[in-house]
Amino acid sequence: MTDNHVLSLAQQLSSRALDWLHAAHRSGFGALPAGAAVDPTDPDDAYKPIGEAALAGSLILRDGVAGPRGMQAAQEMLDFGWRQLRSGDLLYERQLRHTLLTDPMETYVHFVRAGYRHRALDELLGALAGLRSVHVSEMLPNRRLAVANARRTIGIDQPVDWPALAAATWLGALPEPWAVDWSTGYDITHTVFHLTDWGALPDGLPAPVAAYLRDWLPVWVDIWLEAGQWDLVGELLAVDSCIGEPVCGSEPWEQLASVQHPDGLTPRDADPVDGDPGTAFKDNEHTAVVAVVAGTVTLARALGAAAPPAAPAPA
Amino acid sequence: MPVAEPSLRDEYAAAAERVAGRALEALRGLGGAVVPATPLPRAELAAVRVLGPDVFAPWLLSGTGEPCEPAVLETAADARVVFPAGVPNGAADQGTSALAWSDWAVALLLARARGPGTGEADAPAGTRRRGAAPAPPEPNGPPYRGRWHPWSLRMAHLAPLALPVLDGPVHDAARRDALALARGAVRATLRRDHRTAARLARWLAWLAHTGAPCPVEPEPLLSALALTGDGSARTHLHLAIARRLSTGRRP
C-alpha cells in the first residue's frame with residue numbers, strides 16, 4: 001500500500017502545479033497565435049502545449065481524484081484548448097492535409113478522453129487507419145505505441161500486437177540498466193504511459209518489463225535527482241505508479257515538492273527560472289503537466305480508481 | 001607540520017598503486033612477484049596492508065595449484081605487526097570496519113596458505129577464537145536497513161573480500177541483497193564513479209562465480225568499466241579479479 005506521506009506529497013505537488021497551469025492559461029499563456037495556420041511554423045511552440053495541458057486535464061477528469069476546484073480547473077483548461085483548436089477543426093484540417101502526420105490524432109485523443117468529439121475527424125481517422133501506408137510509416141518504437149494507444153482510446157477498431165510493439169522498444173529489450181541516458185529515460189517513460197494508458201491498465205506492461213522497472217527505477221530516479229532533472233524525475237515517478245505498488249519511496253517526492261515554487265511553478269531542471277513570465281511558462285509548462293500526471297496517477301492507483309470506461313464509438 | 005601527513009599519505013598511495021600494478025601483472029600471467037624480496041621499504045609494507053587480501057589474488061586465481069609466494073605470506077603478516085589496526089569505532093566507522101574485515105580475510109588466507117591449524121596466531125587482536133578460522137569482526141555482516149544506496153557504498157569498501165575461498169557474514173549479506181549491490185553498481189557507473197563501480201561489479205562477479213543469481217550481467221559491465229575506467233592500478237586490479245571470477249579466464 002502506498003505510503004500516506006507519498007500520497008500527501010503527490011496531492012500537494014499535483015494540485016499546486018495544476019493551479020499554476022490553470023492560472024497561466026487564464027492569463028493567456030498557451031494560446032495559439034492569432035490566425036494560427038494548419039501548418040504552424042513551430043509545432044512545439046503552442047500547438048504541442050495545448051495537447052499536453054489537455055492530457056493533464058483529461059487524466060484529472062478520468063481518475064476523479066482531484067477536489068471540485070481541481071476538476072473545474074481541468075475542465076476549463078480543456079475548454080480553453082478545444083476553443084484554441086477551433087473545436088477540433090484545426091486538427092481535422094491538419095490531418096486532412098497530412099495523411100501520415102500523427103500529431104493531430106495524438107492531440108485529439110486527450111480531448112476524446114474527456115468527452116469531446118469531432119465527427120469529421122473521427123471519420124477521417126477511421127478511414128486513414130485502413131491504409132497500409134499509415135501503419136508502416138517510419139517512427140521510433142515508443143512513438144508507434146503512442147499512436148496505437150491513441151487509436152485504442154479514440155475507439156478506432158484495429159488489431160494491435162501489443163507484445164510485439166512493446167518488445168521493439170528499448171525498455172522491452174530489458175537492456176543493461178547502466179547503459180541508459182537522459183533521452184532514453186523519456187523513451188522508457190512513454191513506453192510505459194502508452195502500454196498502460198497512463199496508469200489505467202497496469203497489466204498492459206509485460207510482467208518481465210514491470211519487474212525490470214521495479215529493480216532499476218530507484219537508481220534512475222536517484223541519479224536524475226542528483227542531476228536536478230526534475231522533469232524526468234517526475235515522469236519516472238509517474239511510471240512508478242503506473243506499474244503497480246511504487247518502489248521509489250517518499251524521498252524523490254519530497255525533493256520535487258521542495259523545488260516547486262509557492263505559486264506552483266515546477267522547474268524543469270536545476271537551472272534558474274527565467275524572469276520573463278512568458279519564457280518561464282514556455283520552459284516549465286511541460287514539467288507542470290508532468291507533476292499533475294504523476295500526482296494524479298499515483299493517487300488514482302493508490303485509491304483504486306476504476307478503470308476508464310471503454311471509449312464511445314465515434315459518432 | 002600540516003604538510004607531513006598528506007605527503008606520507010601520498011607516498012603510501014603511490015606504493016599501493018605499485019603493489020596493485022604488480023598484482024595485476026601477476027594475475028595477467030605476465031610474471032613477476034607481487035611483493036619484491038624483503039626487506040621492503042615502509043611504504044611498500046603499508047601498501048600491502050592497504051591492499052589486504054588482494055595481494056593473495058594472483059595465487060587464489062591462478063588455478064595452477066602452486067603454493068603462495070613466501071614473500072607475500074611474510075609481508076602480509078609483517079604488515080599487520082608494523083601497522084596494527086586501530087580500535088573499531090562502531091559500525092559507523094566504515095574505514096575501521098573495512099580494515100577489520102580485511103584483517104579477518106588476510107588471517108584466513110594466511111592460515112590456508114600455511115596449512116591447517118595456523119590461523120589463530122595470525123588473527124587480529126580481538127577476533128581470536130579457538131580453531132583455525134578467526135572470528136569475524138561483525139557476526140552478521142554489514143547491516144542492511146532497507147536503504148540500498150548507503151549499504152552498497154559500504155559493501156564497495158569491502159570488495160577485497162570478494163575472492164574465492166573467503167566466505168562469511170559479508171558474503172552472506174552479498175548473496176542476500178544482490179539487488180542492492182547491483183543497484184549500487186548501476187548508480188556508480190551512471191555517476192562515472194569508476195572506483196565504486198569497479199568494486200561493486202567485483203561483488204557481482206563474485207556472485208556469478210558462486211552460482212548465485214545476479215541481477216546484472218557482470219561481463220558487459222566489466223568490459224565497459226575497463227574501457228572507461230579511472231586509470232588507477234587498484235581499479236584495474238578490482239576489474240581484473242572480477243573478470244577472472246566471472247569467466248574463469250585470465251584477464
- Task: Consider only pairs whose beta carbons are under 8 Å apart and that are at least six residues apart or on different chains; among these, list those whose first residue lies in the stretch B:75-87 and is more than 18 Å from B:Val34 (Cβ to Cβ) and β-branched (Val, Ile, Thr) and whose second residue is crowded, with 16+ Cβ neighbours inside 10 Å and at pLDDT below 90.
- Result: B:Val87/B:Thr96
- Note on the structure: Conditions (1) over 24 Å from B:Phe56 (Cβ atoms); (2) modelled with pLDDT of 95 or more -> B:Arg234 fails only (1)
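Would you say A:Asp197 is more than 29 Å from B:Ala188 (Cβ to Cβ), away from chain B (no Cβ under 14 Å) and not aliphatic (A, V, I, L, M)?
Details: more than 29 Å from B:Ala188 (Cβ to Cβ): yes; away from chain B (no Cβ under 14 Å): yes; not aliphatic (A, V, I, L, M): yes.
When the stated conditions are applied, A:Asp197 passes them.
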- Among (1) assigned to a helix (DSSP H, G or I); (2) open to solvent by 10 Å² or more (accessible area, probe 1.4 Å) - the single one B:Ala173 does not satisfy: (2)
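Which of the residues that make up the stretch A:192-224 are free of Cβ contacts under 8 Å to residues at least 40 places away in the same chain and aliphatic (A, V, I, L, M)? Before the answer, list the steps.
First, pick out the residues of the stretch A:192-224 that are free of Cβ contacts under 8 Å to residues at least 40 places away in the same chain: A:203, A:205, A:207-208, A:210-211, A:214-218, A:221-223.
Passing the criteria: A:Leu205, A:Ala207, A:Ala210, A:Ala211, A:Leu217, A:Val221, A:Ile223.
Count, please, the residues in the stretch B:227-239 that happen to be in a helix (DSSP H, G or I) and away from every other protein chain (no Cβ under 14 Å).
7
Quick one: which residue in A:Asp181, A:Asp231, A:Asp203, A:Asp197 is of a type in the set (Asp, Glu) and within 22 Å of B:Ala197 (Cα to Cα)? Before the answer, list the steps.
Values: A:Asp231 fails: within 22 Å of B:Ala197 (Cα to Cα); A:Asp203 fails: within 22 Å of B:Ala197 (Cα to Cα); A:Asp197 fails: within 22 Å of B:Ala197 (Cα to Cα).
Result of the check over A:Asp181, A:Asp231, A:Asp203, A:Asp197: A:Asp181.
Any idea which of B:Leu179, B:Leu153 is in a helix (DSSP H, G or I), in contact with a Pro (Cβ under 6 Å, 6 or more places away or on another chain) and under 25 Å from A:Ala227 (Cα atoms)? Give the derivation first.
Working: B:Leu153 fails: in contact with a Pro (Cβ under 6 Å, 6 or more places away or on another chain).
The match here is B:Leu179.
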- Query: List, please: which pairs have Cβ atoms under 7 Å, are six or more places apart or on different chains, and start with a residue in the stretch B:210-222 that is within 12 Å of chain A (Cβ to nearest Cβ) and end with one that is in a loop (DSSP other than H, G, I, E, B) and modelled with pLDDT under 95?
  - Reply: none
- Any hit, the stretch A:214-222, residues being out of contact with any strand residue (DSSP E or B) (no Cβ under 9 Å at 6 or more places or on another chain), more than 13 Å from chain B (Cβ to nearest Cβ) and either open to solvent by less than 20 Å² (accessible area, probe 1.4 Å) or not in a helix (DSSP H, G or I) (or both): no
- What are the residue pairs meeting all of these: first residue in the stretch B:138-165, first residue within 14 Å of another protein chain (Cβ to nearest Cβ) and open to solvent by 50 Å² or more (accessible area, probe 1.4 Å), second residue in a loop (DSSP other than H, G, I, E, B) and modelled with pLDDT of 80 or more, Cβ atoms under 6 Å, and 6 or more apart or on different chains? none
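When you go through A:Leu165, A:Leu171, A:Leu205, A:Leu195 one by one, which is the residue that is within 22 Å of A:Met105 (Cα to Cα), at pLDDT 95 or above, open to solvent by less than 30 Å² (accessible area, probe 1.4 Å) and under 20 Å from the mean Cα position of the chain (by Cα)? So that I can check it myself, show each step before the final result.
Details: A:Leu165 fails: open to solvent by less than 30 Å² (accessible area, probe 1.4 Å); A:Leu171 fails: within 22 Å of A:Met105 (Cα to Cα); A:Leu205 fails: within 22 Å of A:Met105 (Cα to Cα).
A:Leu195 is the lone residue from the list that is within 22 Å of A:Met105 (Cα to Cα), at pLDDT 95 or above, open to solvent by less than 30 Å² (accessible area, probe 1.4 Å) and under 20 Å from the mean Cα position of the chain (by Cα).
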- Among (1) away from chain A (no Cβ under 14 Å); (2) buried (at least 24 other Cβ atoms within 10 Å of the Cβ); (3) within 25 Å of A:Gly249 (Cα to Cα); (4) of a type in the set (Gly, Ala, Ser) - the single one B:Ala197 does not satisfy: (1)
- Enumerated helices (runs of 4 or more DSSP H) restricted to the stretch A:84-187, each holding at least 1 residues that are away from chain B (no Cβ under 14 Å) and over 30 Å from A:Ala73 (Cβ atoms): A:89-97, A:119-128, A:132-135, A:141-154, A:162-167
- Message: Looking at A:Leu225 and the list (1) outside any helix (DSSP H, G or I); (2) of a type outside the set (D, E, K, R); (3) within 13 Å of chain B (Cβ to nearest Cβ), which single condition is not satisfied?
- Response: (1)
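The values are calculated or read from the model by the stated rules, or taken from the named source; none is laboratory data. Values in this document were obtained by computation on a predicted structure and should not be read as measured data. Neighbour counts are summed over all protein chains in view; Cβ atoms, including those assigned to glycine, are modelled from backbone coordinates with ideal geometry. SASA here: full protein model, heavy atoms, side chains in, ligands and nucleic acids out. Shrake-Rupley method; radii C 1.70, N 1.55, O 1.52, S 1.80 Å.
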